[in-house]
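The values are calculated or read from the model by the stated rules, or taken from the named source; none is laboratory data. Here the structure is a predicted model, which means the values were calculated and not measured. Positions of Cβ are backbone-derived with ideal geometry, glycine not excepted, and every protein chain shown enters the neighbour counts.
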């Protein structure tokens with residue numbers, strides 16, 4: 001996992017470019033009905049393609065490049081779900097739910113996707129039987145993958161950092177008891193770890209039972 005890149009994705013609305021990308025996907029016959037909604041999204045290596053922090057929810061088909069897809073639980077455990085490649089779908093769940101998921105998709109190299117906004121296209125998407133069948137097939141494959149995956153090995157200290165980075169607003173943990181419950185540890189264990197991180201200047205105490213990360217997420221990915 002890497003840090004959130006400040007540089008945002010590039011969007012292209014050129015019709016010829018969109019049509020060329022459409023021809024490269026095996027879903028051309030299905031997606032050709034939505035050409036008025038489509039655009040091309042381009043991402044750089046290390047850039048997040050989907051995160052729970054996004055406000056503009058997109059449905060995307062990978063045209064070029066590869067993507068790491070992983071899930072972060074409330075206890076800080078990281079589950080590698082899949083390595084997305086050409087013709088894999090991203091953002092299907094957001095079509096059906098309003099609450100952000102805990103799924104992250106990160107570009108392993110330069111990635112090009114065919115994309116559309118689920119907000120403005122939702123009615124048309126849900127009215128297409130062939131599109132819904134495509135979504136069902138994709139989600140079925142992902143569910144099968146999830147049931148066979150184990151969490152990436154991580155000790156409690158690593159999970160505390162992951163929890164603060166991805167589950168706490170602005171990287172600030174507030175409330176030891178609540179955090180300890182999510183992390184499946186005692187408040188005393190969590191306090192000892194936070195005290196050590198404070199001594200190492202990885203976190204700073206901001207109040208009673210409150211600590212904030214003071215280092216970049218790029219550094220955390222190497223911990």
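If we scan the range 38-52, do we find a residue that is touching a strand residue (DSSP E or B) at 6+ places or on another chain (Cβ under 8 Å), closer than 25 Å to residue 19 by Cβ and modelled with pLDDT under 90? Checked the range 38-52: at least one residue is touching a strand residue (DSSP E or B) at 6+ places or on another chain (Cβ under 8 Å), closer than 25 Å to residue 19 by Cβ and modelled with pLDDT under 90. Looking only at the range 5-21, decide whether some residue is in contact with a helix residue (DSSP H, G or I) (Cβ under 7 Å, 6 or more places away or on another chain) and either in a strand (DSSP E or B) or over 19 Å from residue 137 (Cα atoms) (or both). Among the residues of the range 5-21, not one is in contact with a helix residue (DSSP H, G or I) (Cβ under 7 Å, 6 or more places away or on another chain) and either in a strand (DSSP E or B) or over 19 Å from residue 137 (Cα atoms) (or both), which makes the answer no.
The set of residues in the range 132-165 being modelled with pLDDT under 85, part of a helix (DSSP H, G or I) and within 18 Å of the chain's Cα centre (by Cα) consists of 141, 142, 143, 145, 146. The residues in the range 31-45 that are within 23 Å of residue 66 (Cα to Cα) and crowded, with 17+ Cβ neighbours inside 10 Å can be counted, and the count is 7. Farther than 18 Å from residue 78 by Cβ, at pLDDT below 90, touching a strand residue (DSSP E or B) at 6+ places or on another chain (Cβ under 9 Å) and surrounded by 12 or more Cβ atoms within 10 Å (Cβ to Cβ), is that true of residue 215? Yes; evaluated as a whole, the condition is true for this residue.
A quick yes/no check of all residues on (1) part of a strand (DSSP E or B); (2) more than 19 Å from residue 128 (Cβ to Cβ):
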position	(1), (2)
33	no, no
40	yes, yes
55	no, yes
82	yes, yes
